[in-house]
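K.L.:
Let me begin by handing over the structure; questions about it come next.
The values are calculated or read from the model by the stated rules, or taken from the named source; none is laboratory data. Every value quoted in this text rests on a predicted model; they were computed, and no experiment measured them. Note: ideal-geometry Cβ built from the backbone for every residue, glycine included; neighbour counts use all protein chains shown. The accessibility values were calculated without ligands, DNA or RNA, using every heavy atom of the protein model including side chains. Shrake-Rupley method; radii C 1.70, N 1.55, O 1.52, S 1.80 Å.
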Amino acid sequence: MRIQSQVFEQIQNGSFPMAELMRKYEVPGVTLAVIQDGEMTYSGAYGVRNEQGTPMTEGVLFECASLTKSVFALLAMQEVQAGKLDLDAPIAPLLQEEPWSNDPRFLTITPRQCLSHGCGLPNWQAKPMDMLFDPGTKYSYSGEGYFLLQKLIEQIEGKNMNELFKERFFGKYGMESSTAYW
C-alpha cells in the first residue's frame, strides 16, 4: 500500500501530527519507515522507549507478536508450493508429538483450518486442550492453531521458525536485527 502523497509530505517536512496521535492513542514510542518502490525514503523515531523516559531510536526492536502470522502464512504457502505441505491433510497423523487434545476432532485439523482460524482450538490453553467446535465449521482466533502448524513445518524442514524466517525473509530483505524469538 502506498502512502498518500499529502501524508508522505507531512511526514517528510515534520508537519505530520505524530505527537498528537501518540497522545490520543496513548502510545509512548513509535518508529516509522516509509518504503516506496522498494526503497526506504524516510525513517524516524518518536517518543520514549521505556518508563524511565529513554528516547526512542530507530534501532529499537519491537515485539510483533501476531503480526508475524502473515509472514508465517506466506512461509506455509511456500511449503505448499514446494509440495511439502498439503493444506487439506490432517496435521496430527504427521506430527511427531503427543496429541495436543484428547478430543478425537483434534485428529482432523488441517493446515487450511489453522491458517484461517477455523481449527477449533482455543487461542491459548494448557494441554490437553479443549476443542471449541468441529474444525472447519466456525471461526475463532487461535494462536494455538498457528503454533500447531508451526510445529509441523519445523518438523518438515528440520529447522526452527527463527532459522526459517531468517533464511526465507529476514536475510533476503536485509533485516539483520529481526528475529522470530520472544
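K.L.:
Please state which one of V71, V80 is in a helix (DSSP H, G or I) and within 18 Å of the chain's Cα centre (by Cα). Walk me through it before giving the result.
P.N.:
Values: V80 fails: within 18 Å of the chain's Cα centre (by Cα).
None of the other options fit; the residue is V71.
K.L.:
Which one of these is in a loop (DSSP other than H, G, I, E, B), of a type outside the set (V, I, T) and either under 19 Å from Q155 (Cα atoms) or open to solvent by less than 20 Å² (accessible area, probe 1.4 Å) (or both): D130, D88?
P.N.:
Step by step, each of D130, D88 is checked, and only D88 is in a loop (DSSP other than H, G, I, E, B), of a type outside the set (V, I, T) and either under 19 Å from Q155 (Cα atoms) or open to solvent by less than 20 Å² (accessible area, probe 1.4 Å) (or both).
K.L.:
So, K138, is that one loosely packed, with under 14 Cβ neighbours inside 10 Å and either among the aliphatic types (A, V, I, L, M) or farther than 17 Å from K84 by Cα (or both) or not?
P.N.:
Numbers: loosely packed, with under 14 Cβ neighbours inside 10 Å: yes; either among the aliphatic types (A, V, I, L, M) or farther than 17 Å from K84 by Cα (or both): yes.
When the stated conditions are applied, K138 passes them.
K.L.:
Condition (residue is free of Cβ contacts under 8 Å to residues at least 24 places away in the same chain, within 16 Å of Y146 (Cβ to Cβ) and out of contact with any strand residue (DSSP E or B) (no Cβ under 7 Å at 6 or more places or on another chain)) applied to the stretch 44-66: is it met by at least one residue?
P.N.:
There is at least one residue in the stretch 44-66 that is free of Cβ contacts under 8 Å to residues at least 24 places away in the same chain, within 16 Å of Y146 (Cβ to Cβ) and out of contact with any strand residue (DSSP E or B) (no Cβ under 7 Å at 6 or more places or on another chain).
K.L.:
Kindly indicate whether any position in the stretch 163-178 is surrounded by 17 or more Cβ atoms within 10 Å (Cβ to Cβ), of a type in the set (G, A, S) and in contact with a Ser or Thr (Cβ under 8 Å, 6 or more places away or on another chain).
P.N.:
Within the stretch 163-178, none of the residues are surrounded by 17 or more Cβ atoms within 10 Å (Cβ to Cβ), of a type in the set (G, A, S) and in contact with a Ser or Thr (Cβ under 8 Å, 6 or more places away or on another chain).
K.L.:
Filter the stretch 11-58 for residues that are of a type outside the set (F, W, Y), open to solvent by 100 Å² or more (accessible area, probe 1.4 Å) and either over 27 Å from G174 (Cα atoms) or not in a loop (DSSP other than H, G, I, E, B) (or both) and give the result.
P.N.:
If the condition is that a residue be of a type outside the set (F, W, Y), open to solvent by 100 Å² or more (accessible area, probe 1.4 Å) and either over 27 Å from G174 (Cα atoms) or not in a loop (DSSP other than H, G, I, E, B) (or both), then N13, E20, R23, K24, E26, I35, E39, M40, E51, Q52 are the ones that fit.
K.L.:
Still on this structure, I have one more. What's the number of the only condition in (1) open to solvent by 60 Å² or more (accessible area, probe 1.4 Å); (2) over 17 Å from the mean Cα position of the chain (by Cα); (3) closer than 18 Å to A89 by Cα that F106 fails to meet?
P.N.:
Only one criterion in (1) open to solvent by 60 Å² or more (accessible area, probe 1.4 Å); (2) over 17 Å from the mean Cα position of the chain (by Cα); (3) closer than 18 Å to A89 by Cα is unmet by F106, namely (1).
K.L.:
Is it true that some residue in the stretch 117-135 is within 15 Å of A76 (Cα to Cα) and either under 16 Å from the mean Cα position of the chain (by Cα) or among the small types (G, A, S) (or both)?
P.N.:
Yes, the stretch 117-135 contains at least one residue that is within 15 Å of A76 (Cα to Cα) and either under 16 Å from the mean Cα position of the chain (by Cα) or among the small types (G, A, S) (or both).
K.L.:
If you don't mind, there's one more thing I want to ask. Examine the stretch 63-81 for a residue that is farther than 30 Å from Q155 by Cβ, open to solvent by less than 60 Å² (accessible area, probe 1.4 Å) and of a type in the set (V, I, T), and state whether such a residue exists. Spell out the reasoning first.
P.N.:
In the first step, residues of the stretch 63-81 are kept if they are farther than 30 Å from Q155 by Cβ; the result is none.
No, because not a single residue in the stretch 63-81 is farther than 30 Å from Q155 by Cβ, open to solvent by less than 60 Å² (accessible area, probe 1.4 Å) and of a type in the set (V, I, T).
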